Amino acid sequence: LDINAELGTATNFGLQQLGPDCKIYMNTIRQYRWLHVINKPDEKGKDCDFRQHSIELPHLNQPGSFPNFPHFRIDEEDVCDPTITSVFGVPVKPERNIKIYPNPVQEILTIQLPTQASGNVYLTSNLGKIVDGQAFSNTESIVLELGSYAPGIYYIDVVDSFGKRYSEKVVKSE
């Protein structure tokens, strides 16, 4: 058990799986929003570059759940590809350079994109259910009306027409 002072949260380790990028990913045995990563599993000790809280998930994971990392190149000598940055055109790690305000929000939420773009924006509940979605076109900011939604934590996911994904958490207040 390790206490991360910055997050103030006890962390434990659960399922582990070798990813197609040759890194070992591990979840926890309870609901948590992070994956831990061993970046160089063939190295010993501190050289393995273990990173606790390495990947922030857009939603809480469930105990015993884990992404499926199939190995399609199982008959090849080198089954890992450390250069993988996306799967089927979807980035492995979402961008964090959008601005959302105000946060917490009561009525109107503004999402400021880093550049002018087109695509789709999704509002997802804390349980992982998409509660709203809309397309946007040639804009640097998106406005969502959240007044009719219950107070709580929601997630904003923006996917632009180039497949770049942005994700942020928003708190809906009363």
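Some notes on this structure:
- If you take all other residues with their beta carbon under 11 Å from the beta carbon of GLN116, and give Lys and Arg +1 and Asp and Glu -1, the sum is -2.
- Counting only lysines at least 8 places from LYS129 when in the same chain, those with an alpha carbon closer than 27 Å to its own are LYS93, LYS99, LYS164, LYS169, LYS172.
Any read-out appearing in this document is the output of simple, stated calculations on the displayed coordinates, not a laboratory observation. What you are looking at is a predicted structure, and each value in this text was computed from that prediction instead of being measured. Methodologically, a virtual Cβ is constructed for each residue, glycine included, from the backbone with ideal geometry; neighbour enumeration extends over all protein chains shown.
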